[in-house]
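What follows is one structure encoded as structure tokens, with my remarks underneath.
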Amino acid sequence: MSSRTKLPGFLVAAALAAFALTVRASIKEGDLFPFPAPGAISGALPDIGGKVVMVDFWASWCGPCRASFPAYARLQADFAPRGLVIVAVSIDDTDAAYAAFLRKYSPSFATVRDRGQNLAALVGIPGMPATYLIDRRGRIRFVHEGFHSGRTEPVLRGQIEKLLAEK
Amino acid sequence: MKTFRLILILAVPGMGGCATFNPVRVQPWQREALADDAMNPGRDPVGRQMAEHIHFSREAASGGGGVGGSGCGCN
């Protein structure tokens, strides 16, 4: 092959490589969830050792997140005794909006705050809200984007049941 | 052929540059300001009705004006 025919191919390959390097790799099913170190987020993470964990990214400005909180309270009531831990991670920028949301909904599950949105960026959440179900070994087993009343809760229940049944 | 090669040499790194720069991608966690009610073009009911009336009069069509909420792109 002459150098004349090699050049375009090389340039296209270089462009594809540059593009691949710039595409942010988000965390997906099967990966270990990057639980933040103490101090990296505001609020205390509950004890999650050996438990099934549901991490939900939410914000006070996100309408579906408001709809999701009563459903998560039901999940907490039904599954916490069997070993489910729900951690709701707020990505709110505004202190007042965050506090007002918690006052209004007073969640029965743990809420922490990812003030700089570092965890959200590290995980690469696909949308708002984003829910990650993590098995007892810390692996992400199910990712759900958005919250649709009447549809999302049964899906999450089924997945939680499955993970709780694993030892 | 020389011109084609020159275009290729200039354009292909440019494509990579576009991928790197990517100035318009707003990530889901960065949409607080977009979710503000001020970003909702239909927040003024009177203004919205007037705009819809003008649209109907000029285009003989109505509806399809958008979706509920503002611009957080949730769900």
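What follows is calculated from the coordinates using simple rules that are stated; it is not laboratory data. Note that the structure is predicted; figures quoted are calculated from it, not measured. Because the Cβ atoms are built from the backbone with ideal geometry, glycine has one as well, and the counts that use them run over all protein chains shown.
For a quick check: with amide H placed at 1.01 Å from N, whose amide H comes under 5 Å from A:L45's, ignoring anything fewer than 5 positions away on the same chain?
Correct list: empty.
Of A:V112, A:P34, A:I160, which is farthest towards the positive pole of the range A:27-165's charge dipole, taken about the Cα centre with +1 and -1 on the beta-carbons of Lys, Arg and Asp, Glu respectively?
The Cα lying farthest towards the positive end belongs to A:I160.
Bin all alpha-carbon pair distances of the range A:27-165 at 5 Å intervals from 0 and give each bin's fraction as a whole percent.
2, 10, 22, 26, 23, 13, 4, 0, 0
Take the Cβ-Cβ distance between B:D37 and A:D95 as r, set R0 to 22 Å, and report the resulting FRET efficiency rounded to the nearest 0.05.
0.70
Using Cα pairs under 8 angstrom and six or more residues apart, how large is the relative contact order of the range A:54-167, in percent?
32
Going by C-beta contacts inside 10 Å, put B:K2, A:K51, A:K28 in order with the fewest on the left.
B:K2, A:K28, A:K51
What are the ³J(HN,Hα) values, in whole Hz, obtained from phi via the Karplus relation 6.51 cos²θ - 1.76 cosθ + 1.60 with θ = phi - 60°, for each residue of the range B:46-54 in sequence order, with x given for Gly and Pro?
Listing the rounded values in order: 5, x, 5, 5, 5, 5, 5, 5, 4 Hz.
Computed FRET efficiency, Cβ-Cβ of B:R5 and B:Q27, R0 30 Å: what is it to the nearest 0.05?
The formula returns an efficiency of 0.20 here.
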